[in-house]
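J.: Before I ask anything, here is the structure I am working with.
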Amino acid sequence: DKTDSSPNKHLKAEVGGRVVLNVQDGFGVCAHGGKGYENEIFLVFRGTTTANKKADILTDARIGITNNASGLPVHTGFHHCFTSMLPDIQRFFSEIKGNIKVVHCLGHSLGGAVASLAADWVARTLKHPTKLYTFGSPRVGTDWFANSTTSALRKENMHRVYHRTDPVPMIPLYPFM
């Protein structure tokens, strides 16, 4: 039987350029916490891969600035990737029975950037307590986004892990923070 009775949701994102190499690709999962983490939700996003004909590299390179749903200036490529999954994420949350204790948003590299946008969205839109964990994530938005997201999540709920010789957490350059 190939029916998926799991309450978890696999996410596909639109990655690549607006016209060139625009593809749908598996990008993350929305999951319910297991034993010891009941009433906790996990949004987990993968990092950049070249397995999708290098479409992720175009997502990373779409460095323009656009406003997110809160009106905060963010990276165009990361924002497009996140918003392409948003209907599935909203559907996942709408099907949850019971109270949500906390939402954990996690991601590596490109997935860390998307996790940052997801955490900001969850905290502002759904008003759930939210924790953010990024690993080698690039910069996502301007000062306004960084400060506003820190205020919405609170500094103690944000965990940014990187190696000081890794160039990815240092890009894109100004005005991204």
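The values are calculated or read from the model by the stated rules, or taken from the named source; none is laboratory data. Bear in mind that the values here come from a model prediction, so they are computed numbers and not experimental data. Neighbour counts run over all protein chains shown; Cβ positions are idealised from the backbone, glycine included. Heads up: the accessible areas ignore ligands, DNA and RNA and are worked out on the full protein's heavy atoms, side chains in. Shrake-Rupley method; radii C 1.70, N 1.55, O 1.52, S 1.80 Å.
J.: Within region 94-117, can you find the residues that are over 30 Å from Pro169 (Cα atoms) and assigned to a helix (DSSP H, G or I)?
T.: The answer is Ser94, and nothing else.
J.: Test Ala123 against the criterion of being open to solvent by 20 Å² or more (accessible area, probe 1.4 Å) and either in contact with a helix residue (DSSP H, G or I) (Cβ under 6 Å, 6 or more places away or on another chain) or aliphatic (A, V, I, L, M) (or both), and give yes or no. It would help to see each step written out before you state the result.
T.: On the way: open to solvent by 20 Å² or more (accessible area, probe 1.4 Å): no; either in contact with a helix residue (DSSP H, G or I) (Cβ under 6 Å, 6 or more places away or on another chain) or aliphatic (A, V, I, L, M) (or both): yes.
The answer is no for Ala123.
J.: Looking only at region 57-83, how many residues end up being touching a residue at least 60 places away in the same chain (Cβ under 8 Å) and at positive phi? Please lay out each step first, then the result.
T.: Initially, region 57-83 is screened for residues touching a residue at least 60 places away in the same chain (Cβ under 8 Å), giving 60, 63, 65, 68, 70, 72-75, 78, 80-82.
Those still in the list that are at positive phi too: none.
Residues that pass the stated criteria total 0.
J.: Looking only at residues in region 94-116 that are without any contact (Cβ under 8 Å) to a residue 60 or more places away in the chain and under 18 Å from the mean Cα position of the chain (by Cα), which one is farthest from Pro129 (Cα to Cα)?
T.: Taking the candidates together, the pick is Ala113.
J.: Please indicate, with yes or no, whether at least one residue in region 118-127 is at pLDDT 95 or above, part of a loop (DSSP other than H, G, I, E, B) and closer than 25 Å to Asp25 by Cα.
T.: Taking region 118-127 as the starting set, the residues that turn out to be at pLDDT 95 or above are 118-127.
Narrowing the set further to residues that are part of a loop (DSSP other than H, G, I, E, B) leaves 127.
After this cut, where a residue has to be closer than 25 Å to Asp25 by Cα as well, the list is none.
There is no residue in region 118-127 that is at pLDDT 95 or above, part of a loop (DSSP other than H, G, I, E, B) and closer than 25 Å to Asp25 by Cα.
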